[in-house]
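Contents: one structure, followed by commentary.
The values are calculated or read from the model by the stated rules, or taken from the named source; none is laboratory data. Source: prediction; values computed, not measured. No Cβ is skipped: glycine too gets one built from the backbone with ideal geometry, and neighbour counts run over all protein chains shown. Note: accessible area is taken over every heavy atom of the protein model, side chains too, but ligands, DNA and RNA are not part of it. Shrake-Rupley method; radii C 1.70, N 1.55, O 1.52, S 1.80 Å.
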Amino acid sequence: MKAAVVVFPGSNCDRDVAVALAQAMGRHPSNGAPIMVWHKEADFAPVDLIVLPGGFCYGDYLRCGAMAAHSPVMKEIVRRAGRGVLGICNGFQVLTEAGLLPGALIRNANLKFVCKDVHLRVETSQSLFTARYEEGQTIRIPVAHHDGNYVAGDDELERMEDRVQIAFRYCSPDGALTSAANPNGSERNVAGVFNESKTVLGLMPHPERLADPALGGTDGRPMFDALVEALS
């Protein structure tokens with residue numbers, strides 16, 4: 001598998017994602033190291049996976065991700081979205097602003113920055129991102145955001161439910177979907193969503209921050225292993 005990590009001015013998790021990818025890719029002899037792509041690069045080498053990392057691109061001015069969605073690199077990402085695109089936290093915001101994912105991300109319901117471990121329920125294992133998880137499995141992943149409150153119209157949410165576009169939901173440790181387990185007020189406890197073809201995933205939690213035992217857990221590692229397995 002060949003992978004690229006996009007770097008915007010203000011990205012701060014780009015190296016973390018590159019390390020997590022490199023660790024997963026290292027198991028396969030045909031893989032090379034992830035390449036880092038500056039946001040002004042309108043073209044870059046062919047890759048199987050593109051990752052938009054967390055951070056505060058363009059200082060989160062206007063709306064989170066709104067300016068980054070118009071960076072030169074985004075036209076190429078839109079063109080290649082049929083292969084594999086992952087947006088984490090700020091990257092999720094960019095993907096919604098670029099129209100690659102439905103809905104929007106607004107201020108947390110409590111209007112405060114939240115930084116802590118949360119529990120997620122895996123809604124489907126039928127995607128290249130979640131194939132190493134089991135449907136209904138509860139995992140622990142960190143969040144760190146101020147604008148992670150996912151919103152969409154009722155009709156849009158119903159269509160997403162029907163198409164199994166909801167990838168992860170915030171839950172209690174035993175998998176219950178409660179308001180107490182929802183760190184930002186997201187509708188229907190949504191933590192991550194797919195596009196219709198499930199080639200694009202955006203999620204607010206940071207799987208790269210729990211992808212190595214040295215970080216205190218490995219619940220994020222199966223996502224990277226699944227991507228390498230599917231795209232190599």
* Structure fact -> Subtracting the Cα-Cα distance of Asn12 and Gln126 from 0.36 nm times their residue separation yields 38.0 nm
* Asked: Relative contact order for segment 49-184: what is it in percent, counting Cα pairs under 8 Å that are at least 6 residues apart?
  -> 23 percent
* Structure fact -> Highest mean packing first, using Cβ neighbours within 10 angstrom, the peptides 222-229, 180-187 sort as 222-229, 180-187
* Asked: Among Lys40/Lys198; Lys112/Lys198; Lys2/Lys198; Lys40/Lys112; Lys75/Lys198, which pairs are too far apart, with a Cα-Cα distance over 29 Å?
  -> Lys112/Lys198; Lys40/Lys112
* Structure fact -> So, with points 7 Å from each Cα along the Cβ direction, the Arg79-Gln137 label distance in nm works out to 3.6 nm
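Let's test the formula: R0 of 45 Å, r as the Cβ-Cβ distance of Ser179 and Asp43. What FRET efficiency results, to the nearest 0.05?
E between Ser179 and Asp43, to the nearest 0.05, is 0.50.
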* If you compute Cα extents along the principal axes in Å for the structure shown, which of (1) 43, 37, 34; (2) 83, 44, 25; (3) 63, 47, 31 do you land on? -> (1)
* Asked: Which FRET efficiency value, to the nearest 0.05, is calculated for Glu187 and Asp212 with the Förster distance at 22 angstrom and r the Cβ-Cβ distance?
  -> 0.10
* **the chain, accessible surface, carbon-and-sulfur percent (1.4 angstrom probe)** => 51 percent
* **Cα lying deepest toward the dipole's positive end in the chain, options Ser179, Phe224, Ala3, charges on Cβ** => Ala3
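With charges set only on the Cβ (+1 for Lys and Arg, -1 for Asp and Glu), what does the dipole of the chain come to about its Cα centre, in debye to the nearest 20?
440 debye
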* To do: Using the charge dipole of segment 50-196 (Lys, Arg: +1 at Cβ; Asp, Glu: -1 at Cβ; taken about the Cα centre), state which of Gln165, Asn189, Ala69 has its Cα farthest towards the positive end.
  => Ala69
* How are the C-alpha pair distances of segment 42-167 spread across 5 Å bins, as whole percents from the shortest bin up? -> 2, 10, 17, 21, 23, 17, 9, 2, 0
* To do: Rounded to the nearest 500, what is the 222 nm mean residue ellipticity of the chain from helices alone, with -39500 (n - 2.57) per DSSP H run of 4+ residues and division by all residues?
  => -6000 deg cm²/dmol
* Asked: Roughly speaking, what is the centre-to-centre gap between segment 134-161 and segment 167-200 when only Cα atoms are used, to the nearest Å?
  -> 3 Å
* Structure fact -> Mean separation of Cα contacts under 8 Å (at least 6 apart) over the residue count of the chain, i.e. the relative contact order in percent, is 21 percent
